[in-house]
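> Attaching a single structure in structure tokens format; questions to follow.
Read-outs throughout are calculated quantities, based only on the coordinates presented, and are distinct from any laboratory measurement. Since the structure is predicted, the reported quantities are computational estimates derived from the model, not experimental observations. Ideal geometry is used to build each Cβ from the backbone, glycine not excepted, and the neighbour counts take in all protein chains shown.
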Amino acid sequence: MKKIQVFDILRILIALLIAFFIGFIIILLVSEEPLYAFKLFLVGPFSSLRRIGNLVEMTIPLIFTGLAVAVAFEAGQFNIGAEGQFFFGAALATILGIIFKIPAILHVPLALLGGIVGGGLVGAIPGLLKAKWQVNELVSSLMLNFIFLHFSLYLVNNHFRDVHTGIMASWKIEETAWLKQFIPGTRIHVGVFISIIMVIFTYYFLYRTKWGYALRMTGINKDFAIYSGINVASVIIYSQVISGALAGLGGAIEILGIHHRFQWQALPGYGFDGMIIAIMAKNNPAFIPIASLFLAYIRKGAEVMNMMSDVPAEVVNIIQAIIIFFVTAEAFLSKYQHKLVVKEVTTNG
Amino acid sequence: MVKVLQGIFTASFFHAIFRVTTPILFASLAALISDVCGIVNVGIEGLMLISALTGVVISALTQSAWSGMIVGVIVSALFSLLLAYFHLKLKTNIILAGIALNLMASGGTVFVLAVLTGQKGVSTALNSRVLPDIRIPFIDKIPILGEILSNHNVLTYIAFISVPLVWYFMYRMPLGLRFRTIGENPEAARSVGIHVHRLQYLALVLSGLFAGLAGVYMSMGYVSWFVRDMAAGRGFMGLAAAAMGGNKPFLVMLAALLFGIADALSNYLQSLRIPSEIVHMIPYLITVVFLTIYAIFSHHKKMKKITFSADDA
């Protein structure tokens, strides 16, 4: 491995260390038993089979939105809409899971397709607006989150609401649409394999296909891409559509694998999580599962700590923000990086 | 239909427009002032949450709404300064840094509130204060007009008075000219001896002040408590309004009013048995539609410019 790559990894590790350190200081300030709380935070996720299971369950949707954001980032686009794409994909999959009564071999793919199409459609809107009229995708995709939040809720709450439960939730989807949970004692489901397939697919797409190449070139230098004959407008559209489809598929899988009904009433936050993951993984699909697992780990740790000590789980949001701040801070440790580059060049030359 | 319209367009409806526009207008001024200096402040949403909570907590501690407001606004400005430090000094992408700030604020406010009061996500345990409403003499006596314009929260008036002030600052003061120069062309600004970074720090602090006012209005005027994620996208609407108004203070105010009208309308339409979810979509939908119309217009203008300059050559 090149020294620069080692440096990149080192830099992320230092950022994580700083974030954990600040997290520890905060716990120290607010807790009566800080060491116990911090221990729960660090080892809590591994303390039982069920919790390890939770860790994997939580990782699955994160992988999808992580991939979604990474694809958009690689194209130089800000997909803040992964949130709404995930949500709408989940809603459509739920509806297809409820209304159809067909064998599992057809039902599961149909519901998953619903998620893909739903997410892809939501992704297409900011893509088209940007490609055609330069509408800022940052604002438009963000507004679309709220639009599709309320639109999905309208569909589910008004047309598919389970009137027998006291809570606002849809009917359960037919069992033929469930993704099988295959490890007893946990809820780990076959969606985990789909997520791995999508990681490989995204990696192959970005680094081994013509479209992926055009996409990355557009992200690196748009003007250069235009001059070398790449149709930047179409890249912007298909990158947002693929990104949306990945997020929508993630939403569908979360419903078919875990919840079996739609019961969110607000955006669950997976889109922004995807951003944290893409940043930590440096947009490389191969690292997305690791980053997702890490995020699931600190979330689960915070949850266990919240349950068994006096520290609220939300401390994890502060830790996440610090991670983003330092990982994306280009000037952070840049003097050292500069030295490394010079050294590498002089030894090679 | 006429009856429905009569039901909607009452004095209290127009009163409500000003009420709901206030936070959006503050947020759009926050967006404008940093935009002008070439920095997109995506963190306004988070700054609003931070100041909303700070205002509630401090006003409960001191039993003074004003000190709550002042401390809330200062804390917001400090966090904006932090954002500036990461962007300008450590070269963090400003959009990612802003999003990080929003995530931090969304969870951090809940965290701080839980540590202080033991309550998760609402501040009803705190006996916090509200900023006063103001009755304007004379205007108050005019029928209808008085009903619409008088008896607003003090911050509503401050918001609308801020618009000409910001305009004066930007177009009549040397500092404003420098701000605009930086936004237009930072290299040119640097070459004539303007301290670009120093002024960008200042712009973000000013932006933080306005975001802070938006936040304290939410928790100490709009309602009288803090609740998690109570900014509810208004910070982003501010960004959209600033973009739509092309960073011209009065146009930005009109854009903010437009969002306010949509927001107020959605409250009224709810009483007409239109599903609430559909009604809630309206302000966001309008944002996208207007942003698109605005983009189409400026796109055409740009195209024209390009063809003209090509002809000249």
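> Would you tell me the mean number of C-beta atoms belonging to other protein chains that fall within 10 Å of each C-beta in B:273-284, as a whole number?
Working: counts 0, 0, 5, 5, 10, 5, 2, 7, 9, 2, 3, 9.
That works out to 5 on average.
> Tell me, B:M48, B:M244 in order of fewest to most beta-carbon neighbours within 10 Å? Don't jump to the answer; show the numbers that get you there.
On the way: B:M48 34, B:M244 23.
Listed from fewest to most nearby Cβ atoms, that is B:M244, B:M48.
> Give the average, rounded to an integer, of partner chain Cβ atoms located within 10 angstrom of each Cβ in A:325-333. Working shown, then result.
Details: counts 11, 4, 3, 11, 10, 4, 6, 5, 1.
Rounded to a whole number, the mean comes out at 6.
> Further question: Could you list the square roots of 5 times each eigenvalue of the Cα gyration tensor of the stretch A:143-276, that is, the equivalent ellipsoid semi-axes, sorted largest first and rounded to whole Å?
Working: eigenvalues 254, 81, 23 Å².
Semi-axes (√(5λ), whole Å): 36, 20, 11.
> Tell me, what HN-Hα J-couplings in whole Hz come from the Karplus equation 6.51 cos²θ - 1.76 cosθ + 1.60 at θ = phi - 60° for each residue of the stretch B:178-185, using x for Gly and Pro?
Running phi through 6.51 cos²θ - 1.76 cosθ + 1.60 with θ = phi - 60° gives 5, 3, 5, 4, 4, x, 5, 7 Hz.
> A further question on this structure: Can you compute the FRET efficiency between B:F13 and B:I293 using 1/(1 + (r/R0)^6), with r the Cβ-Cβ distance and R0 = 22 Å? Round to the nearest 0.05.
Numbers: r = 25 Å, r/R0 = 1.13.
FRET efficiency, B:F13 to B:I293: 0.35.
> With a 10 Å cut-off between alpha carbons and a GNM built on chain A, which of A:K282, A:K180, A:K335 moves the most?
Judging by the Gaussian network model, the answer is A:K335.
> So how far, in whole Å, is the C-alpha centre of the stretch B:160-231 from the one of the stretch A:238-271?
The distance from the Cα centre of the stretch B:160-231 to that of the stretch A:238-271 comes to 37 Å.
> May I ask you to derive the relative contact order of chain B, considering only C-alpha pairs under 8 Å and at least 6 residues apart, and to give it as an integer percent? Kindly include the intermediate steps, with their values, before the conclusion.
Values: 510 pairs, mean separation 102.3, N = 313.
Once divided by the residue count of chain B, the mean separation gives 33 percent.
> Oh, and also: Among A:I323, A:I105, B:I296, A:I9, rank each residue by its count of other Cβ atoms within 10 Å, from fewest to most, as a rough exposure measure. Write down the numbers at each step before the final one.
Values: A:I323 24, A:I105 8, B:I296 15, A:I9 12.
So the ranking, lowest neighbour count to highest, is A:I105, A:I9, B:I296, A:I323.
> When N counts the residues of the protein assembly as shown, how does its alpha-carbon radius of gyration compare numerically with 2.2 N^0.38 Å, as a ratio?
Values: Rg = 25.3 Å, N = 662, 2.2 N^0.38 = 26.0 Å.
The protein assembly as shown yields a ratio of 0.98.
> For the stretch B:22-255, which semi-axes, largest first and in whole Å, follow from the square roots of 5 times the eigenvalues of its Cα gyration tensor? It would help to have the intermediate numbers written out before the result.
Working: eigenvalues 173, 115, 35 Å².
So the equivalent ellipsoid measures 29, 24, 13 Å along its semi-axes.
> Let me ask something else about it. Quote the relative contact order of the stretch B:1-113 in percent (integer), defining contacts as alpha-carbon pairs under 8 Å separated by 6+ residues.
Numbers: 93 pairs, mean separation 30.5, N = 113.
So the answer I get is 27 percent.
> Another one. Cut-off is 10 Å between beta-carbons; in what order do A:Y336, B:Y217, A:Y36 appear when sorted fewest neighbours first? Let's see the in-between values first.
Values: A:Y336 12, B:Y217 31, A:Y36 16.
Placing the least packed residue first, the sequence is A:Y336, A:Y36, B:Y217.
> With the cut-off at 21 Å, tell me which of the pairs A:K132/A:K210; A:K335/B:K89; A:K101/A:K180; A:K222/A:K282; A:K130/A:K222; A:K282/B:K91 have Cα atoms farther apart than that.
Working: A:K132/A:K210 23 Å; A:K335/B:K89 13 Å; A:K101/A:K180 17 Å; A:K222/A:K282 19 Å; A:K130/A:K222 14 Å; A:K282/B:K91 16 Å.
Long pairs (Cα-Cα over 21 Å): A:K132/A:K210.
> Using Cα springs under 10 Å in a Gaussian network model of chain B, which residue among B:G121, B:G212, B:G221 shows the largest mean-square fluctuation?
Result: B:G121 has the largest fluctuation of those listed.
> Counting every Cα pair in chain A, what percent are over 39 Å apart? Spell out each step's value before the answer.
Numbers: 10690 of 60726 pairs.
Tail of P(r) above 39 Å: 18 percent of Cα pairs.
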